[in-house]
Amino acid sequence: MSWTFVGIWLGALLSLSLYSFLYKDNPFYKFAEHLFVGMSAGYWVIYNIKNVLIPNWWNNLVPAEGGFQPIWLIPGTLALFMLLRIVPKLSSLSRMSLSLIVGTGAGLSLTAMLQTNALAQVNGTIIALGQGGDLLSWISNIIIVTGVVCGLVYFFFSKAHTGVVGGAANIGITILMVAFGASFGYTVMARISLLIGQTQFLLFEWLPTMGIHL
Amino acid sequence: MRLVIPLMITFVAGMIMILQFFVPATQSMGESLQEWYMIVASAAIFLGAINLLNVHIHKIRFKAKNWKYSPVTIAGFAVMIITGLFLGIEPGRPFDFMFTQMMVPMGATMFSLLAFFVASAAFRAFRANNWRATLLLVSAFVVMLGRVPIGAMIWSKIPGISEWIMQVPNLAGQRAVMIGAAMGMVATSLRMIFGIERSYLGGAD
Amino acid sequence: MATFVENLGRIDRRIIFIVMALSVVVPLAMRLSLPIPIGEGPSKDMYDAVEALPSGSTVLLSFDYDPSTMPELQPMAVALSQHLMRKDIKIVSLALWPMGVSLGNEAMRSVADSLGKEEYTDWVNLGYKTGGGVLIVRMGSDIQSVFPVDYDGNPVGDMPVMDGISRLSDFDMILSLSAGDPGVPAWVMMAGDRYNIPIGGGCTAVSAPQFYPYLGTGQMVGLLGGLKGAADYETMVRVGVENPPAGTATPGMAAQSVAHLVIMLFIILGNISYLAGKKKKGGAK
């Protein structure tokens, strides 16, 4: 009995345990669910130790070529403060770690968001309506420009959606509905793809171990 | 008062990250901060793991509902930690074997269950009860058909129409959402950096 | 008849589950195969962008997903690795999601072994780091400050694959296989727009519609969306190759077709039942 065989059976039995939830909640499902949560947490911790803490902190604090870099005690201390969140008396220290994360993230995303998701998108919407030449291009370009402007009007709640603003908001929500429909279609596709992947595993990897070849 | 130091850290960190984008002299400070960020952020994962263990140990101790499964979580965690720390993580090792043969199928199966629930939800909740909902439904149908080979077999133009929906009305709608969300994010970031938004610190003054 | 239609709405969900399961199992078990038509679109753009890279280029491949989205993204990882390695393009990979490290290893190792490519010379897996966008920005000025060693602790500076690569702008293209955040948006924001590097990749079908604005502005050179995108790429990569290895996305598309039809049927039946119930209520008034 090879390790591959054992692995396939382990994977198949755990998969079937999880699928049993479709009938109703049961001990097999709960077992697999709890095992998955525990193993995932273990995996994350190991990769954090081996891929982040050792190479990016410990090896900088105590370099292989010798010496000691006290500056690296600062992130180490802040990381420790983060863990102190579980000690009620000292939990307020974790705010400093949280502040560093929030401040860095906010500063970075401010410029990046503004550039990538706002200015570049506005720039991409300033298009010549006739570009492309044919009638469909005209229609498409008008829909893009109108859709973006009216969509933004729909999200603007500082003014009542009446009169011209109301009309624009109506066009905006109509375009948004088409976009949400497309998103729904893609969501259905995604969910089914995941089922297809696991079914392929059970049909073409697990069943053959029992001599059933489809 | 006890929030002064955290608020100062947020302000300084935020300003360094903004300035290093424009002022080369602040580049090295920004780089150090980015390296520290990785270390501090990784502590959040340890915090999560400790919390998970705490919850399950608590459940076992007080025999809470479904406590009998808690040892399974703890054992799963312990096995991954022990094998990962002492036997290595490279391909062929027990850690990698357990990831490939147990975690991968479990993770994939867990989320593939959603296919069944999306079918059930589509049957029970997707109602074309006004013209906009009907428009949403039509758009969804065209995209669903256009993304699979059978769509082209039904009518050769369906994939083209589906791609047009994606590249024109979908793009317009998503772009409006994207710009709106970006403006919101910029405003929130500014509020955080200047200490107006403090809810992430627990909401205290 | 009206009673049957109204009762449809109260059908046991397990019957829906069985029909759903059959719609996937039967086409797969019968090995139903449908041709994948490749038209103009983001998948073709992605293929063309990679095809245009000269051999000897170096591409950064980021595995930003975990097993929960593996059926969609792993076939993309395999097909992209095949395309890149066959063109003698070097791959430097990393993961913004911890489990992406192992999944990336699995995909690249299988392709590298079949094409005779050497780890550390033709490809390397640098591993995982926390930080998402922050680590991307740091890599913009110095990759080795973020990744001094690879996922297994081997010094990155000694690897031939890293010759001439010290910062993000040294890469000819960045490809992200993304299941959420951090993923494609982080790469577009922190690498593409900031350092002017072509960004492409693939994502789950759930997030694909959100990335079309990036395609419209040229912030992304191409995008593989969900299993359809993976099947498109598998199909394009197989063209002109003798005995191409079988992919997993293309055979799944027949089952995907049937399942889509079944879901559409469910929606139609649900609406018929709803309208019948509404009509009856209206009549009763």
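The table for this structure:
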quantity: Complete set of residues in segment B:1-47 that are facing chain A (nearest Cβ under 7 Å) and surrounded by fewer than 15 Cβ atoms within 10 Å (Cβ to Cβ); calculated: B:Arg2, B:Ile5
quantity: From the options C:Met46, C:Met20, residue that is within 20 Å of C:Met76 (Cβ to Cβ), modelled with pLDDT of 95 or more and buried (at least 17 other Cβ atoms within 10 Å of the Cβ); calculated: C:Met46
quantity: Where C:Arg14 falls short, out of the listed (1) assigned to a helix (DSSP H, G or I); (2) surrounded by fewer than 24 Cβ atoms within 10 Å (Cβ to Cβ); (3) more than 8 Å from every other protein chain (Cβ to nearest Cβ); calculated: (3)
quantity: Candidate set from segment C:148-171 (those that are under 24 Å from the mean Cα position of the chain (by Cα) and without any contact (Cβ under 8 Å) to a residue 60 or more places away in the chain); member that is farthest from B:Leu87 (Cα to Cα); calculated: C:Ser169
quantity: Residues satisfying the stated conditions in segment A:15-36, i.e. touching a helix residue (DSSP H, G or I) at 6+ places or on another chain (Cβ under 6 Å), within 7 Å of chain B (Cβ to nearest Cβ) and under 16 Å from C:Arg14 (Cα atoms); calculated: A:Leu18, A:Phe21, A:Leu22
quantity: Failed condition for C:Gly127, given (1) without any contact (Cβ under 8 Å) to a residue 24 or more places away in the chain; (2) touching a Phe, Trp or Tyr at 6+ places or on another chain (Cβ under 6 Å); (3) of a type outside the set (Ser, Thr, Tyr); calculated: (1)
quantity: When residues of segment C:212-237 are limited to those that are part of a helix (DSSP H, G or I) and surrounded by fewer than 24 Cβ atoms within 10 Å (Cβ to Cβ), the one farthest from the other protein chains (Cβ to nearest Cβ); calculated: C:Val237
quantity: Residue check, B:Ile89 in contact with a Phe, Trp or Tyr (Cβ under 6 Å, 6 or more places away or on another chain) and either farther than 30 Å from C:Ser257 by Cα or exposed (fewer than 15 other Cβ atoms within 10 Å of the Cβ) (or both); calculated: yes
quantity: Scope segment B:156-183; condition at the interface with chain A (Cβ under 8 Å from one of its Cβ atoms) and of a type in the set (Val, Ile, Thr); matching residues; calculated: B:Ile165, B:Val168, B:Val177, B:Ile179
quantity: Selection within segment C:185-208 - crowded, with 24+ Cβ neighbours inside 10 Å and within 15 Å of C:Glu72 (Cα to Cα); calculated: C:Gly201, C:Gly202, C:Cys203, C:Thr204, C:Ala205, C:Ala208
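Quick grid of which residues meet (1) small (Gly, Ala, Ser); (2) assigned by TED's automatic domain parsing to the domain that holds B:Ile9; (3) modelled with pLDDT of 95 or more; (4) surrounded by fewer than 16 Cβ atoms within 10 Å (Cβ to Cβ):
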residue: B:Met166; (1), (2), (3), (4): no, no, yes, no
residue: B:Val177; (1), (2), (3), (4): no, no, yes, no
residue: B:Val186; (1), (2), (3), (4): no, no, yes, no
residue: B:Arg191; (1), (2), (3), (4): no, no, yes, yes
residue: B:Gly202; (1), (2), (3), (4): yes, no, no, yes
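The values are calculated or read from the model by the stated rules, or taken from the named source; none is laboratory data. Computed from a predicted model, the values in this text were never measured in an experiment. Note that each Cβ is placed from the backbone with ideal geometry, even for glycine, and that neighbours are counted across all protein chains shown.
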